[in-house]
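A.B. asks: Before anything else, here's the structure in question.
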Amino acid sequence: MNTRYESANEIYAKWGVDTDAAIEKLKNIPVSLHCWQGDDVTGFDHDGPLSGGIQTTGNYPGRATNPQELMQDIDKAISLCPGRKKLNLHACYAIFEDGEFADRDKLEPKHFKKWVEFAKERNMGIDFNPTFFSHPMQKDGLTLTSPDENIRKFWIDHGKACIRISQYFAEQTGIPCVMNIWIGDGFKDIPADRMGPRMLYKDSIEQILSEPFDFNMVKPCVESKVFGIGVEAYTAGSAEFTLSFAAEHKDKCLPLMDNGHYHPTEVVSDKIPALLCFFPEIALHITRGIRWDSDHSVLFDDETKEMAKEIVRCNALNRTYMALDFFDASINRIASWVVGFRSWQKALLSAMCLPNKYLADLQNSGKFTELFVKQEEMKMLPFSDVWNKYCEECNVAPDSSWFDEVMRYENDVLLKR
Ligand code: RNT
Ligand code: ZN
């Protein structure tokens, strides 16, 4: 008797889809797991609250409060997820030893040595983010756009320090490091000058990128945002600003799109192929906004599937740096990571199991009714059997039985913190 996978494999083969090949391919596609879901974007370099346009809500018990706890939690999460992982760090996760402290502008590679050891032991590359928030040197909510030159210089120096740290990560792991610049700078109410802060921002990023680095190994990005909490009227790093910046500095910078950062009826799935027409490489933050940039954990929902489809259909898996970016403090944080990571894996695998050439041919020959019918038909293919096989091969549970392990861990570890 055929196993369920064998029968699914045959059904897909009739559509010209090789599910074995899809499974093998996905095993080698890195997806960056963000450390900040584990501790509500707090980090280890300050005691203050999260500030600067983003917010976590909820007080589920068990948040990681030090590097050991965070590493232990990341290990638990990755053990429950199939596929290749990268580690995504923020500068505020520097690890200081023996009472030492360095402010953001003085950070050095040595403050991330422990993370490098952690990543290397797990065969992971590292992505990095300067932290332009949760810090007293934000003045009136501004960093790289501040009219106060002392403030702006502090943050430019932070950006430069982060370039050097990214270069160190890339050299140590042998894997390119994506370094993403996001600032929450903006205004709560109608500003009098919209261009001034943007000219300062442009100059600040140019200064940061003047720090030497190897563009084959360090991939600086600029992430846009339409608004933030407390900066509802204006953000300096708007979509037009960051996209134009990246286009003008293609030799050293990539655009990064976070799908929580657009007007609610705009979709990043449509923006991916648009950017791929112009940029050799692009970067993504994959998240789920509800009504606004609410940073909910990713689900296997329609727009998530649509984004994965575009990356696969544009043959751009090797041109797209994919990173997760969500933080929910109202549920078990490890479950949030695991559902988010697994959902994106499902989206990628299901996109790879579509007869994309056949469907494109229908479009190109003007058979729109047939395309309409067949695209609906695709939704009923036995994808879950392919997913189950992929998980088995990656030695993780195909179904939600991983949740028992999370609950055990909650009782044994998280609730004792
Ligand atoms: C904020 C941006 C940014 C952050 C992380 C923590 O709206 O999405 O990417 O989520 O840097
Ligand atoms: Zn983001």
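Just so you know, all these numbers are worked out from the coordinates, no wet-lab data involved. None of the values given here were measured: they were computed from a predicted structure. Don't worry about glycine lacking a Cβ; one is built from the backbone with ideal geometry, like all the others, and counts go over all protein chains shown.
A.B. asks: Show me the GluC sites (Glu not before Pro) within the range 11-103 that DSSP assigns to loop and that have at most 15 other Cβ atoms within 10 Å of their Cβ.
C.D. replies: Answer by residue number: GLU97, GLU100.
A.B. asks: Moving on. What list of ³J(HN,Hα) couplings, whole Hz, do you get for the range 366-374 from phi and the Karplus terms 6.51, -1.76, 1.60, once you set θ to phi - 60° and write x for glycine and proline?
C.D. replies: For the range 366-374, the Karplus-derived couplings read x, 8, 6, 5, 5, 4, 4, 5, 5 Hz, x marking Gly and Pro.
A.B. asks: Helix 4-14: angle to the longest alpha-carbon principal axis of the chain, degrees 0 to 90, nearest 10?
C.D. replies: Result, in degrees: 80.
A.B. asks: Given the range 219-347, what count of lysine pairs have C-alpha atoms under 28 Å apart, with each pair 8 or more places apart or on different chains?
C.D. replies: 21
A.B. asks: Let me ask you something else. Give, in nm to one decimal, the length gained when the segment between LYS250 and GLN375 is fully stretched (0.36 nm per residue of separation minus the Cα-Cα distance). Each step should come with its number before you reach the end.
C.D. replies: Working: separation 125, 0.36 × 125 = 45.00 nm, distance 3.61 nm.
Between LYS250 and GLN375, full extension yields 41.4 nm more.
A.B. asks: Search the structure for amide H atoms under 5 Å from the amide H of ASP258, placed 1.01 Å from N in the peptide plane, and list their residues when 5 or more places away or on another chain.
C.D. replies: Under 5 Å from the amide H of ASP258 lie the amide H atoms of SER224, HIS285, each far enough along the sequence or on another chain.
A.B. asks: Could you tell me how many degrees, from 0 to 90 and to the nearest 10, lie between the Cα long axis of helix 195-209 and the main elongation axis, the longest principal axis, of the Cα atoms of the chain?
C.D. replies: Its long axis makes an angle of about 80 degrees.
A.B. asks: I want to make sure I understand the PRE zone here: with the label point 7 angstrom from the Cα of GLU149 toward its beta carbon, which residues in the range 169-213 have backbone N atoms less than 20 Å away?
C.D. replies: 196-211
A.B. asks: Quick one: Cα convex hull volume of the range 22-172, Å³ per residue?
C.D. replies: 137 Å³
A.B. asks: Run down the aspartates and glutamates and flag those whose C-alpha is under 17 Å from the C-alpha of LYS367, throwing out any fewer than 8 positions away in its chain.
C.D. replies: LYS367 reaches GLU376, GLU377.
A.B. asks: Given the chain reduced to its alpha-carbon atoms as identical point scatterers, what log10 I(q)/I(0) does the Debye formula return at q = 0.07, 0.14, 0.15 Å⁻¹?
C.D. replies: Evaluating at q = 0.07, 0.14, 0.15 Å⁻¹ gives log10 I(q)/I(0) of -0.33, -1.31, -1.48.
A.B. asks: Let me ask something else about it. Treat each spin label as a single point 7 Å out from the Cα along the C-beta direction, and report the LEU415 to LYS25 distance in nm.
C.D. replies: Each label point lies 7 Å from its Cα, and together they span 4.5 nm.
A.B. asks: Relative to the longest principal axis of the chain, what angle (0 to 90°, nearest 10) does the C-alpha long axis of helix 402-412 take?
C.D. replies: 40 degrees
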